[in-house]
1. Looking at the range 37-58, which of the residues that are part of a loop (DSSP other than H, G, I, E, B) and within 14 Å of the chain's Cα centre (by Cα) is farthest from residue 146 (Cα to Cα)?
2. Kindly evaluate residue 94 against the criterion of being more than 24 Å from residue 158 (Cβ to Cβ), in contact with a strand residue (DSSP E or B) (Cβ under 6 Å, 6 or more places away or on another chain) and modelled with pLDDT of 95 or more.
3. If I go through the range 19-41 residue by residue, how many of them are surrounded by fewer than 14 Cβ atoms within 10 Å (Cβ to Cβ) and in contact with a strand residue (DSSP E or B) (Cβ under 9 Å, 6 or more places away or on another chain)?
């Protein structure tokens, strides 16, 4: 018997001062049995960092031909393709050919070696943005993970301030490459 997904209810108050976006993001997100909690919180963070109208979670790990999040136009074309983690460079190259824009929230234990191996292959893709997130920051989010997630995120001058209850964590949102 297959293990069931774990369901999380999320509310994120977003104040992205750098981009002038102020939103309340609400979603019900499923954590696939093979997905780590670190990847789950990275997907939630990506939904805030790359937030724009009509950004939605996809089937994720269940659909290998879809990103973690995307914006699709009325004609079915992918306007924004958002990946989380450390995908193979070929996957990102392929996505850049089929989507207007591609964004990657690069995170994981092997981030440094991934950068050395894959970033040179991605350097000449004009419609790609790669953001790196500090693994210590993600670990802090995992330690505070609950089934009902309420975050307040402020992004200003390239710094993300994430408040959970009375505690605020911060990290730099840095573009890699």
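1. My answer is 52.
2. Taking the combined requirement at face value, the residue does not satisfy it.
3. Of the residues in that region, 6 qualify.
The values are calculated or read from the model by the stated rules, or taken from the named source; none is laboratory data. All of these numbers come straight from a predicted model, not from anything done at the bench. Ideal geometry is used to build each Cβ from the backbone, glycine not excepted, and the neighbour counts take in all protein chains shown.
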